[in-house]
Amino acid sequence: MPQPTFSSKLPDTGTTIFSVMSGLANKHQAINLSQGFPNFDCDPALQELVYRHMQLGHNQYAPMPGLPALREKLATKAKSLYGYFPQPETEITITAGATQALFTAIAAFVQPGDEVILLEPAYDSYKPAVQVQGGIPVAIPLEAPHFRPDFDRIRSAINDKTRMLIINTPHNPTGTVWSREDMETLAEILRDTKVLLLSDEVYEHLVYDDNPHQSVLRFRELYERSLITYSFGKTFHNTGWKVGYCIAPPTLTAEFRKVHQFNVFSVNTPIQYALADFMENPDVYLSLPGFYQQKRDFFAEAMKESPLRPLPCQGTYFQLYDYSAVSDIDDLAFAEWLTTEAGVAAIPLSPFYSAGSDAKLVRFCFAKTEEVLAQAAEKLIW
């Protein structure tokens, strides 16, 4: 019998490194500091709110753009933090996680043959999302150890085919944070172009040492060409709920929703009601910088006697470590060795690059209890 034939849209894409390393950690019962999720639960009060709204019968479809009450709360939050009040009806869309928001933004605007600039190392969903739409990823490396954006290379990469530039601040996996000067320089570069900006800001509340998060919402000139994605999962310690949102000007939001309505249509209703209620108290998210900075500093102190050397971490809940003083094997092999022999799972940096990397760096997630971080550090001292 004839079998259907097809050409893969992602012929070089396999299982993500996050699944690979978490699977290896489970197999060898290693402490999992690889995949980016907390090992502690979200607030019981938020869980109770979800149950309450289920009991109240809020179990059918939510409006396609998201629950109006939740979008109102997000607009108020944006105004308070970044000085801009996005209109809830026309500028905010609730999504099934930030990754869906990223994919939908790319699908809505990238046509076959369009070029999309990626700053690498980059979150691994960006490139395949571009490729599925027939777009052409254009990778610009961020050089270790500081991973600062190379604005000269960004400027040089822009041409008539450039449709979009994707940025991420605070940055996964490096922990770097864009400054006000960075954003102003980017605005100057994009000023006379038609390039769209997709800004991944899922770690907006995880910025340390009293530095503010420089959201694109602070920069009106940039915002007029931007789609910005956020994550409730990163903010409220419930990554498995997969709820996020996208803020964009009305004309961009209208196009975004054309795809969103057929990609997902609407997002979990009782959770949206619960989040709207839970956001009455802004202290919950305003306290996050201090909460995670304490974990960053605890892990750094516990690792002082390790031969692995930390790089600066300005934001996110990830810490890069340089292992070049102890081994010259590639980072995937080293991450596997850490998991199977040292008993701690990490993520190698090279999968975040299109062409790989030999920077001898691995990423640890410190969104864990102090007990787990201390146990991991003990295993990493030899």
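Okay, here's what the table says:
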| quantity | calculated |
| --- | --- |
| Residue check, residue 163 under 26 Å from residue 353 (Cα atoms), surrounded by fewer than 15 Cβ atoms within 10 Å (Cβ to Cβ), touching a helix residue (DSSP H, G or I) at 6+ places or on another chain (Cβ under 9 Å) and of a type in the set (Lys, Arg) | no |
| Residue count for the range 76-135, restricted to those that are closer than 29 Å to residue 147 by Cβ, buried (at least 23 other Cβ atoms within 10 Å of the Cβ) and of a type in the set (S, T, N, Q) | 2 |
| Test result for residue 345, touching a Ser or Thr at 6+ places or on another chain (Cβ under 8 Å) and touching a residue at least 40 places away in the same chain (Cβ under 8 Å) | yes |
| Subset tally (residues that are part of a loop (DSSP other than H, G, I, E, B) and more than 17 Å from residue 50 (Cα to Cα)) for the range 274-285 | 1 |
| Complete set of residues in the range 161-180 that are free of Cβ contacts under 8 Å to residues at least 60 places away in the same chain and under 12 Å from residue 148 (Cα atoms) | 167, 168, 178, 179 |
| Strands (runs of 3 or more DSSP E) contained entirely in the range 165-273, each with at least 3 residues that are modelled with pLDDT of 95 or more, under 30 Å from residue 60 (Cβ atoms) and within 21 Å of the chain's Cα centre (by Cα) | 226-231, 244-247 |
| Pairs where the first residue, in the range 39-63, is closer than 21 Å to residue 236 by Cα and the second is among the basic types (Lys, Arg) and outside any helix (DSSP H, G or I), C-beta under 6 Å, 6+ apart | 39/368 |
| Residues (exposed (fewer than 14 other Cβ atoms within 10 Å of the Cβ) and of a type in the set (A, V, I, L, M, F, W, C)) located in the range 351-380 | 355 |
| Residue within the range 146-159 that is polar (S, T, N, Q) and closer than 26 Å to residue 292 by Cβ present | no |
| Helices (runs of 4 or more DSSP H) wholly inside the range 1-107 that include at least 3 residues being at pLDDT below 95 | 17-28 |
| The range 310-338, residues that are more than 29 Å from residue 235 (Cβ to Cβ), within 24 Å of the chain's Cα centre (by Cα) and not acidic (Asp, Glu) | 332 |
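Table: residues versus (1) of a type in the set (D, E, K, R); (2) free of Cβ contacts under 8 Å to residues at least 60 places away in the same chain.
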{"site": "260", "(1), (2)": "no, no"}
{"site": "270", "(1), (2)": "no, no"}
{"site": "276", "(1), (2)": "no, no"}
{"site": "302", "(1), (2)": "no, no"}
{"site": "308", "(1), (2)": "no, no"}
{"site": "319", "(1), (2)": "no, no"}
{"site": "323", "(1), (2)": "no, yes"}
{"site": "331", "(1), (2)": "yes, yes"}
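The values are calculated or read from the model by the stated rules, or taken from the named source; none is laboratory data. Just so you know, these numbers come straight off a predicted model, no measurement behind them. Cβ sites come from the backbone with ideal geometry, for glycine too, and all protein chains shown count toward neighbours.
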